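Contents: one structure, followed by commentary.
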Amino acid sequence: MTESKTSSTNSLLSKAWVYYEQGPITQILQQTSIPIDTELGLNELIIEIKAAALNPVDIQIGNIPQWIANWILFTGVNKPKVPAADFSGIVYKIGNNVTKYKIGDEVFGLNFSLTGNGCLSQYIKLSENLPTLTHKPANLSHIEAAAIPLAFLTVYTALNNWGGFQNDDTTDQKVLILGASGGVGHIACQMARAMNKYVVGVCSTRNIEFVKQMGANEVIDYTINDIVSASKEYGPYDIILDCVGGTQLIPYLNSDFLKSNQSIYLTIVGDKTSRGVMGGVASYIFTPAMVFRSLKSMIGLGPRYYCINLSLTEENTNQMVSMLQKGMIKPVIDSVFEFSNHVKQAYERLDTGRVKGKVVIDFDK
Ligand SMILES: NC(=O)c1ccc[n+]([C@@H]2O[C@H](COP(=O)([O-])OP(=O)(O)OC[C@H]3O[C@@H](n4cnc5c(N)ncnc54)[C@H](OP(=O)(O)O)[C@@H]3O)[C@@H](O)[C@H]2O)c1
């Protein structure tokens with residue numbers, strides 16, 4: 001296990017990447033050591049992190065204005081905030097009543113925190129009852145496992161919970177995936193294909209082969225095609241899953257694009273196009289047009305349209321493990337960066353908006 005120092009009898013010093021003030025994450029991050037309280041509640045455990053994956057939401061949380069962080073989220077002034085939600089690691093210590101895990105178990109999951117209790121720390125403390133914590137499948141490395149949870153849970157929430165796709169023999173269902181090569185999109189292609197659906201992916205020229213490898217039956221190159229006419233050609237769709245944001249297709253959600261009144265347009269971003277600000281359901285607050293669109297859809301006066309967030313349920317987590325164990329989904333790693341000194345470079349890479357798959361931090365380096 002990684003060398004660590006004991007700061008007192010009741011705490012452990014954990015190397016971590018933290019920030020104190022809100023701002024651009026590549027500028028505010030610094031490396032330090034934070035104490036982890038080793039006095040555990042009955043159902044708590046400490047996990048030694050082996051890998052963590054980065055997501056655009058880490059950058060967006062860093063960009064939340066300081067006053068919102070202080071007065072609405074109560075993140076704590078001068079408290080170190082640790083970013084990142086996706087992790088894989090080893091159980092280091094357990095509370096007296098922990099039954100699901102034992103010391104040495106390999107685990108992975110999603111520890112989403114708006115208040116800076118994230119995973120870019122050698123050790124983290126969680127409850128064994130966190131619905132998105134589970135045993136790591138043996139067929140995945142820590143790097144691969146860390147790359148999965150947020151992307152998988154987002155895609156499963158969209159395709160299954162909202163879109164009604166099942167892993168069955170219904171081969172006549174079709175999905176259009178905007179942003180098919182990114183962290184979420186590449187998992188969406190794989191999952192839809194694993195569920196026997198017809199997949200149309202949208203990406204740029206350099207990612208065409210990659211998106212085909214991820215399972216797309218058809219690929220639309222957004223750099224040389226008009227998205228509206230190109231996606232109409234392959235439509236209509238049961239689900240349109242937007243992992244990019246914007247409103248390009250919104251005016252066209254008629255029977256050329258959505259197959260029936262059960263078909264649905266799902267965006268995980270919203271109308272916004274800036275990568276730096278928080279999307280998902282938070283976009284409703286700042287975009288009345290999205291609220292009207294969803295309300296119209298709810299009362300049957302418009303196409304089904306919803307902006308959604310991932311659902312952090314145990315049921316979805318179990319589905320994740322099952323599909324991973326069966327080899328139906330495999331993460332693609334865009335790049336791996338060292339925890340010791342290359343975390344800022346990792347966020348710079350993610351912030352380009354050009355990653356293919358996932359950016360992961362290796363805690364052994
Ligand atoms: N609501 C939720 O619960 C939820 C959950 C997860 C993520 N999200 C949000 O979803 C978005 C995507 O997340 P991510 O992790 O997939 O991001 P990402 O990995 O950074 O996405 C990068 C990918 O986007 C592609 N892309 C950029 N512009 C495009 C365009 N106009 N058309 C098609 N593809 C385009 C890029 O491909 P090219 O290089 O080929 O352009 C690249 O492969 C982020 O805004 C994130 O915050 C929301």
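Just so you know, all these numbers are worked out from the coordinates, no wet-lab data involved. Given the structure is predicted, the values throughout are model-derived calculations rather than measurements. Quick reminder, even Gly has a Cβ in these numbers, built from the backbone with ideal geometry, and neighbours come from all protein chains shown.
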*Selected from Asn207, Asn78, Asn309 as most flexible by GNM, with the chain as the system and alpha-carbon contacts under 10 Å*: Asn78
*Please determine, in degrees from 0 to 90 and to the nearest 10, the orientation of helix 185-194 with respect to the longest principal axis defined by the Cα atoms of the chain, where the helix direction is its Cα long axis.*
70
*Using DSSP to define loop residues, name the trypsin sites (Lys or Arg not before Pro) in region 35-114 whose beta-carbon has at most 11 other beta-carbon atoms within 10 Å.*
Lys102
*Could you work out how far helix 314-325 tilts from the main Cα principal axis of the chain, as a 0 to 90 degree angle to the nearest 10?*
80
*Charge dipole (debye, nearest 20) of region 151-307; +1 at Cβ of Lys and Arg, -1 at Cβ of Asp and Glu*: 360
*Which order do the peptides 334-340, 271-277 take when ranked by the mean count of other beta-carbon atoms within 10 Å per residue, highest first?*
334-340, 271-277
_For a quick check of your reading of the filter: which GluC sites (Glu not before Pro) in region 1-107 sit in a DSSP loop and have no more than 14 other Cβ atoms within 10 Å?_
Glu3, Glu21, Glu39
*In nm, to one decimal, how far is the modelled label at Ser294 from the one at Asp172, with both set 7 Å along Cα→Cβ?*
3.2
_Rounded Å value of the spacing that divides the Cα centres of region 149-168 and region 264-329_ = 10
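Using the Cα gyration tensor of region 151-307, with a ≥ b ≥ c the square roots of its eigenvalues, what is the shape: rounded (a/c below 1.5), prolate (a/b larger than b/c) or oblate (neither)?
rounded
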*Picking from Leu176, Cys243, Gln190, whose Cα lies most toward the positive end of the charge dipole for region 151-307 (charges on Cβ: Lys, Arg +1; Asp, Glu -1)?*
Cys243
*Can you give the calculated 222 nm mean residue ellipticity of the chain, where each DSSP H run of n ≥ 4 adds -39,500 (n - 2.57) and the sum is split over every residue, rounded to the nearest 500 deg cm²/dmol?*
-6500 deg cm²/dmol
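Report the extension gain between Asn70 and Ser204 in nm, rounded to one decimal, defined as 0.36 nm multiplied by the number of residues separating them, less their alpha carbon distance.
Extending this stretch completely gives an extra 44.3 nm.
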*Over 21 Å between Cα atoms, which of Lys212/Lys259; Lys81/Lys330; Lys50/Lys358; Lys15/Lys356 qualify?*
Lys212/Lys259; Lys81/Lys330; Lys15/Lys356
